[in-house]
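The values are calculated or read from the model by the stated rules, or taken from the named source; none is laboratory data. Since the model is a prediction, treat every value here as computed from it, not as a measurement. Virtual Cβ from ideal backbone geometry, glycine too; neighbours counted across all protein chains shown. When the accessible area is computed, the model is the full protein with side chains, heavy atoms only, and any ligands, DNA or RNA have been set aside. Shrake-Rupley method; radii C 1.70, N 1.55, O 1.52, S 1.80 Å.
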Amino acid sequence: MILDRLKRPMADLRISVTDRCNYRCSYCMPSARYEWIDRSEILTYEEIVRLAAIFADLGVQKIRITGGEPLLRRDLPVLVARLAGLEKIAGLSLTTNGSLLGESAPALAEAGLDRVNVSLDTLNAEKFKRITRRDDLNKVLEGLSRAREHGLRPVKINTVVERGLNDDEIIPMVEFARRNGFPIRFIEYMDVGNANDWRMEKIVPKQEILERLGAACRLEEIGRNDGSAPSVEYKDADGGVELGIIASITEPFCRGCTRMRLTADGKLVTCLFSERGYDIKGLLRSGANDGDLRSLITETWSRRKDRYSEERFEALRSTSGYQTQVRRKIEMIRLGG
Ligand code: SAM
Ligand code: SF4
Ligand code: SF4
């Protein structure tokens, strides 16, 4: 097991398989100036699997596939099957916007995917269109049902809450989750990337989400799974749904952050708010052996001391305040959430 400078083990890996996306979510997409990664720079499945096996050897137990929109990557079930076949990987999951899940769910389940997180912020078709710039609500709802039908467990809903946009839908979303037995997690709107016009006023803090939930649910706090998960979990005494809140802004959890990221163009990134990554693709494509790749991963993790959300929290409470624009962060669609 490798530890970083704050003694955090490298236990999970997020692999972004593409920066392409068929949605344009207002809280995620960078401005029109964004340059797509050239296809020749995107890691092949062979390269991803080779790296994943080294990560697994170094102690990574869980892998999440993300993007951009990962289901836009051709033949994703082929990659899923190869990652699922890695001996030391105990959990393989996917985060998707759900638009293509209906058609992909059978092949993904067959390939050995364990769990899926579907991002869904509203049940109102008009609002869905305003957030994603696509008219796809019904396709996402179908994707959720198909994923469940094909035995993916759990099929979890991720809902980013933004004030003035969808904060009036917290209760309808929980009721939908209850009716369908989907665990749900509410996420505080974060200042990822550079161009999503993040402002503190747009955040609905965890405490307020809980107060609003109080109108329809009796919640008992369970805490963080494994003590290190980003989400604080609650038991819903009336509806029985599993409910969590990810409060990156108001209750940062960097102390327990065990996540390494691999971007679609082969960069190792140690924090969601990093300004740069470490090029492992260059080494990989220069004919390096597994020992060289292992050393780069080990060195990168061992030097890690990221605690961006804690620093943001401290700055927000200080007299000088917090300026998100000061840092030139890597865009979320490159990193995956
Ligand atoms: N396209 C896929 C999707 O939307 O699920 C996977 C990639 S997306 C970048 C991963 C997650 O990041 C999604 O659940 C999305 O809602 C979340 N996300 C994107 N921008 C965010 C922001 N500004 N604050 C909080 N979560 C955000
Ligand atoms: Fe929306 Fe995910 Fe695409 Fe970002 S990557 S625009 S969150 S669907
Ligand atoms: Fe991890 Fe960085 Fe998020 Fe802190 S801010 S929890 S270190 S990804």
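Could you rank the peptides 263-270, 284-291, 227-234 by their average count of other C-beta atoms within 10 Å per residue, with the highest value first?
Working: 263-270: 22.8, 284-291: 11.2, 227-234: 17.8.
Packing proxy ranking, top to bottom: 263-270, 227-234, 284-291.
Counting only other residues whose beta carbon sits under 14 Å from that of HIS150, what net charge do I get with K and R as +1, D and E as -1?
Details: positive: ARG115, ARG146, ARG148, ARG153; negative: GLU103, GLU110, ASP114, GLU142, GLU149.
Taking every other residue near HIS150 into account, the sum is -1.
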Counting Lys and Arg as +1 and Asp and Glu as -1, what is the net charge of the other residues whose Cβ lies under 13 Å from the Cβ of LEU243? 0
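Magnitude of the Cβ-charge dipole of the range 12-335, K/R +1 and D/E -1, about the Cα centre, nearest 20 debye? Please list the in-between numbers first.
Working: 52 positive and 50 negative charges, 97 e Å.
Using Cβ point charges on Lys, Arg, Asp and Glu, the range 12-335 gives about 460 debye.
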Return the percentage of antiparallel bridges among DSSP beta bridges fully within the chain, rounded to the nearest 5 %. 35 percent
Along the charge dipole of the chain, which of ASN117, PRO154, ILE65 sits closest to the positive end, that is, farthest toward it, with unit charges on the beta carbon of Lys, Arg, Asp and Glu (+1, +1, -1, -1)? ILE65
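Write down the accessible area per residue of the chain in Å², having rolled a 1.4 Å probe over the full set of protein chains.
Working: 14740 Å² over 337 residues.
On a per-residue basis, 44 Å².
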Hand me the GluC sites (Glu not before Pro) from the range 78-111 located in a DSSP loop with no more than 14 other Cβ atoms within 10 Å, in residue order please. GLU87
Quantify, in whole percent, the carbon and sulfur part of the accessible surface of the chain (1.4 Å probe; protein heavy atoms only). 47 percent
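Would you work out the charge dipole size for the range 49-136 about its Cα centre, treating the Cβ of every Lys and Arg as +1 and the Cβ of every Asp and Glu as -1, and quote it to the nearest 20 debye?
Numbers: 13 positive and 11 negative charges, 55 e Å.
Here the range 49-136 has a charge dipole of around 260 debye.
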Enter the accessible area of SER26 (Å², nearest 10), with the probe set to 1.4 Å and all protein chains included. 40 Å²
Net charge near ARG5 (other residues with Cβ under 9 Å of its Cβ; Lys, Arg +1; Asp, Glu -1) is +4
Before rounding to the nearest 500, sum -39500 (n - 2.57) across all DSSP H runs of length at least 4 in the chain and divide by the residue total; then give [θ] at 222 nm in deg cm²/dmol. -9000 deg cm²/dmol
Round to a whole angstrom and tell me the spacing of the C-alpha centers of the range 258-314 and the range 169-192. 31 Å
Using Cβ-Cβ distances only, list the Cys residues of the chain with no partner cysteine under 4.7 Å, sorted by number. CYS21, CYS217, CYS254, CYS257, CYS271
Pull up the cross-link candidates among the lysines for LYS206, meaning alpha carbon to alpha carbon under 18 Å and not fewer than 8 places away within one chain. LYS235
Report the one residue of LEU219, LEU76, ALA52 whose Cα lies farthest in the direction of the positive end of the charge dipole of the range 12-335 (charges on C-beta: Lys and Arg +1, Asp and Glu -1; origin at the Cα centre). ALA52
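Here is the link list: LYS62/LYS305; LYS62/LYS281; LYS267/LYS329; LYS156/LYS281. Which ones come out longer than 23 Å on Cα distance? Please report the intermediate quantities before stating the final value.
On the way: LYS62/LYS305 21 Å; LYS62/LYS281 21 Å; LYS267/LYS329 14 Å; LYS156/LYS281 32 Å.
The pairs that break the limit, which is 23 Å between Cα atoms, are LYS156/LYS281.
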